[in-house]
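Data block below; observations after.
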Amino acid sequence: MTENKSYRLYDSLEFFWNKKIWFIIIPIVVALLGFVGSMLIPKDGDYVGKSIVFTGSVKIEALTNPEHIMTMYGKHFTGNTDVFVPTRSYIKTETYGNNKEEVTKELNQFNDQLFGALMDQYNKIIAGTENYAKIQAERIETLKTAVEAYKGALASTDNVTVNNNYAMLLSAAEMDLTNALATEQRVKNDILVYEKPNIAKATTVVKTKSYGLEGTIAGFIFGILITIFVLSLWKYILEARGSKRA
């Protein structure tokens, strides 16, 4: 007696080989559909402009809040625009449009206005701090003069009461001088470490990304899966019909 063996995988592979033309036709058709579909995906514009502004040590809400920034300096944008803060002290801007020159002009105008406002605030803080340092320097000179005067007064009298009074005044003046010197140094250090705003990344305008290649590849892979499914269903139907006839 001859034993009947079933080689289902081999039968399927043989059937697929005989119908191999469909592994070309269907994936190519679906890949073309994927390409066309990717071209139909709506875009904000043909060009995207990007820039990054470094705020330095300026941290006031009016110049670091994206919504407020757009309200104050972004009203001229004609295309879809996003302003956000990816990391501390950096403001990133992305704007879209169909004309490269227009996108560049709008983004440069925005950066100039924002950077100008940041620099105004920076200069205001630096000017105020430098003025405070100047006042401290003048106070230090006054205190130095007072210390020398008290020392001279102490050396010129033997009166105990007068000496005690000048000693107290000298001690207070020396303490005030020490504090004034420390304050002056701290203020100078504040000026040195107060970071200046800058354009971290100049305006760049490039064409927006097209997903034609990705859509084509995805469509081709999906087409292969569809082909396998269709041929498997085809083979199943043929086998079912043959079984019913037998």
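The values are calculated or read from the model by the stated rules, or taken from the named source; none is laboratory data. Values in this document were obtained by computation on a predicted structure and should not be read as measured data. We place every Cβ from the backbone using ideal geometry, glycine too, and count neighbours over all the protein chains shown. Note: areas computed on protein heavy atoms with side chains; ligands, DNA, RNA excluded. Shrake-Rupley method; radii C 1.70, N 1.55, O 1.52, S 1.80 Å.
If you stretched the chain out fully between E14 and L213, how much longer would it get, using 0.36 nm times the residue separation minus the C-alpha to C-alpha distance?
Working: separation 199, 0.36 × 199 = 71.64 nm, distance 3.24 nm.
The span from E14 to L213 would gain 68.4 nm if fully extended.
If R0 is 51 Å, the Cβ-Cβ spacing of E195 and T157 corresponds to a FRET efficiency of close to 0.45.
Pop out the carbon and sulfur fraction of the accessible area of segment 94-168 as a percent, whole number, probe 1.4 Å. It would help to have the intermediate numbers written out before the result.
Details: 2310 of 4590 Å².
So the carbon and sulfur contribution to the accessible surface is 50 percent.
What you get for segment 139-223, charging only the Cβ of Lys and Arg (+1) and of Asp and Glu (-1), is a dipole of about 660 debye around the Cα centre. Answer with one residue from I135, T81, I91: the one whose Cα lies farthest towards the positive end of the charge dipole of segment 76-144, charges on Cβ with Lys, Arg +1 and Asp, Glu -1. Farthest towards the positive end: I135.
When you count, for each residue, the other Cβ atoms within 10 Å and take the mean per peptide, how do 183-193, 60-70 rank with the highest first? All intermediate terms of the calculation are to be shown ahead of the outcome.
Details: 183-193: 13.1, 60-70: 14.6.
Ranking, from highest mean packing down: 60-70, 183-193.
Which of N159, N131, N108 moves most in a GNM of the chain, Cα contacts under 10 Å? Evaluated over the chain, the most mobile residue of the options is N159. Per residue, the accessible area of the chain comes to 67 Å² when a 1.4 Å probe rolls over the protein heavy atoms.
Rg to Rh for the chain: what is it, with Cα atoms only and Rh by Kirkwood? On the Cα set of the chain, Rg over Rh gives 1.51. Over all pairs of different C-alpha atoms in segment 39-166, the reciprocal of the mean inverse distance, the Kirkwood hydrodynamic radius, equals 19.0 Å. Would you be so kind as to identify which of S171, I126, V30 lies farthest towards the positive end of the dipole of the chain, taking Lys and Arg as +1 and Asp and Glu as -1 on Cβ and the Cα centre as origin? Highest projection toward the positive end goes to V30. Counted residue by residue at 0.36 nm each, then reduced by the alpha carbon distance between them, the extension gain from D46 to S232 reaches 62.6 nm.
Partner lysines whose Cα lies under 23 Å from the Cα of K105, excluding those fewer than 8 positions away in the same chain, are identified as K43, K50, K75, K92, K201, K207, K209. Can you give the angle from 0 to 90° between the axis of helix 212-245 and the longest principal axis of the chain, with both taken from C-alpha atoms, to the nearest 10? The helix 212-245 is inclined about 30 degrees to the chain. What angle do you read, to the nearest 10 degrees and between 0 and 90, between the alpha-carbon axis of helix 8-18 and the longest principal axis of the chain? That helix lies at roughly 90 degrees to the long axis. Find the relative contact order for the chain and round it to a whole percent, using C-alpha pairs within less than 8 Å whose residues are 6+ positions apart. For the chain, the relative contact order is 37 percent. Any idea what angle helix 22-39 forms with the longest principal axis of the chain, computed on alpha-carbon atoms, 0 to 90 degrees, nearest 10? Computed tilt is about 30 degrees.
Relative to the Cα centre, the charge distribution of segment 1-118, modelled as +1 at Lys and Arg Cβ and -1 at Asp and Glu Cβ, gives a dipole magnitude of about 300 debye. Label-to-label distance, E138 versus S171, with points set 7 angstrom from Cα along the beta-carbon direction: 3.1 nm. Measuring nothing but how far apart in sequence close Cα pairs (under 8 Å, 6+ apart) lie, relative to its length, segment 112-197 scores a relative contact order of 47 percent. For I25 and E148, the difference between the fully extended length at 0.36 nm per residue and the C-alpha to C-alpha distance is 34.1 nm. Our helix-only sum for the chain, with -39,500 (n - 2.57) per DSSP H run of n ≥ 4 divided by its residues, gives a mean residue ellipticity at 222 nm of -23500 deg cm²/dmol.
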